[in-house]
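Quick one: the structure is below, questions incoming.
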Amino acid sequence: MGKTTFLCRFLAGRAATCRFLFDPEGEFQIALKRPAVTVLDGAALAAAAVGGWCIFDPGRSDASSAWLFDWFSRVSFATAGRLPGRKIWCCDEVQSFCDTATPPGAAMIFDKGRRSGLDVACVSSACSQLHRAARKQITEVCVFKTTEASDLWRLTQWGFDESEVRHLPPGSYVVRDLLTGRVARGAVFTPAPARTG
């Protein structure tokens, strides 16, 4: 509870030349109140990128979601290389696309994106399902309440306290920088008090 809200607030508050968002469920465009490109047109995505927000919603396409994800990743990578400054590439539920392997377009972003100022910010409800090629690039993790054993194991490998993660209140999170060990805590919302009587 709160992962997508956290990411949207992060994106809105972070200075960036452009934010590239893969949005097959339409959640980003609703939460951020921004239009999305809905056609398979690299020029349309590049034009949106110049405006600072490149949201791609392939909802009406007949192509597979895996192919669309890879296509968007490749176009984002190419477009980001032509833009100055820092850029951010995003995907909600990234484990759906990077589980048994990392598609070539996303692999380019994970491995070489930094060279063109392209950072990655993704949401996953199952970090243990991410392919190793994607996991090895992670430098900072924000976690909400998690009880799945395999995900908890992965999080403890990254230095999180299992008991704390299991018992986080709804909306609360812990952020850990895997490079420095820095930890921060916060909440995207505070649950309403339980009604009595």
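Could you bin all the Cα-Cα distances of segment 1-59 into 10 Å bins starting at 0 and give me the percent of pairs in each, rounded to whole numbers?
Pairs per bin, as whole percents: 24, 57, 18, 1.
Give the distance, in whole Å, between the Cα centre of segment 87-123 and the Cα centre of segment 12-69.
For segment 87-123 versus segment 12-69, the Cα centre distance is 14 Å.
Quick one: Karplus J couplings for segment 13-27, per residue in order, coefficients 6.51, -1.76, 1.60, θ = phi - 60°, nearest Hz, x for Gly and Pro?
With coefficients 6.51, -1.76 and 1.60, one gets x, 9, 5, 7, 5, 7, 10, 9, 10, 8, 9, x, 9, x, 6 Hz.
Of the candidates C142, C122, C91, which one comes out as most mobile in a Gaussian network treatment of the chain with C-alpha springs shorter than 10 Å?
In the Gaussian network model the winner is C142.
Let me ask something else about it. When the dipole is taken about the Cα centre of the chain, and only Lys, Arg (+1) and Asp, Glu (-1) are charged at their Cβ, what size is it in debye, to the nearest 20?
Numbers: 24 positive and 19 negative charges, 140 e Å.
Result for the chain is approximately 680 debye, rounded to the nearest 20.
What are the ³J(HN,Hα) values, in whole Hz, obtained from phi via the Karplus relation 6.51 cos²θ - 1.76 cosθ + 1.60 with θ = phi - 60°, for each residue of segment 120-128 in sequence order, with x given for Gly and Pro?
10, 9, 10, 10, 9, 8, 8, 4, 5
May I ask you to compute the full-extension gain from E25 to I138, defined as 0.36 nm times their residue separation minus their alpha-carbon distance, rounded to one decimal in nm?
38.3 nm
At what distance in nm do the modelled label points of A66 and D99 sit from each other, each positioned 7 Å from its Cα along Cα→Cβ?
In this crude label model, A66 to D99 measures out at 1.0 nm.
Now for a different question. Provide the FRET efficiency to the nearest 0.05 for the A44-R9 pair, computing r from the beta carbons and using R0 = 25 Å. The partial results should precede the final answer.
Working: r = 27 Å, r/R0 = 1.07.
Between A44 and R9 the formula returns 0.40.
Taking the Cα atoms of the chain, report the difference between the largest and smallest coordinate on each principal axis, in whole Å and largest first.
For the chain, the Cα extents along the three principal axes come out at 55, 41, 33 Å.
Working from Cα positions, state the angle (0 to 90°, nearest 10) between the long axis of helix 65-80 and the longest principal axis of the chain.
Tilt relative to the chain: about 70 degrees.
Okay, moving on. Mind checking the per residue accessible area of the chain for me, 1.4 Å probe, whole number of Å²?
Numbers: 10490 Å² over 197 residues.
That works out to 53 Å² for each residue.
Long-range amide H contacts for W53: which residues qualify at under 5 Å (H placed 1.01 Å from N, peptide plane, sequence gap of 5 or more or a different chain)?
For W53, the qualifying residues are R19.
Assuming 0.36 nm per residue, please report the length gained on full extension of the stretch T180 to E148 beyond their Cα-Cα distance.
Using 0.36 nm per residue and subtracting the Cα-Cα distance, I get 8.9 nm.
The values are calculated or read from the model by the stated rules, or taken from the named source; none is laboratory data. Note that the coordinates shown come from a computational prediction; the quantities given were computed from them, not determined experimentally. In this analysis, Cβ positions are derived from the backbone assuming ideal geometry, glycine residues included, and neighbour counts consider all displayed protein chains. To get the accessible areas, we keep the full protein, side chains included, count just its heavy atoms, and leave off ligands, DNA and RNA. Shrake-Rupley method; radii C 1.70, N 1.55, O 1.52, S 1.80 Å.
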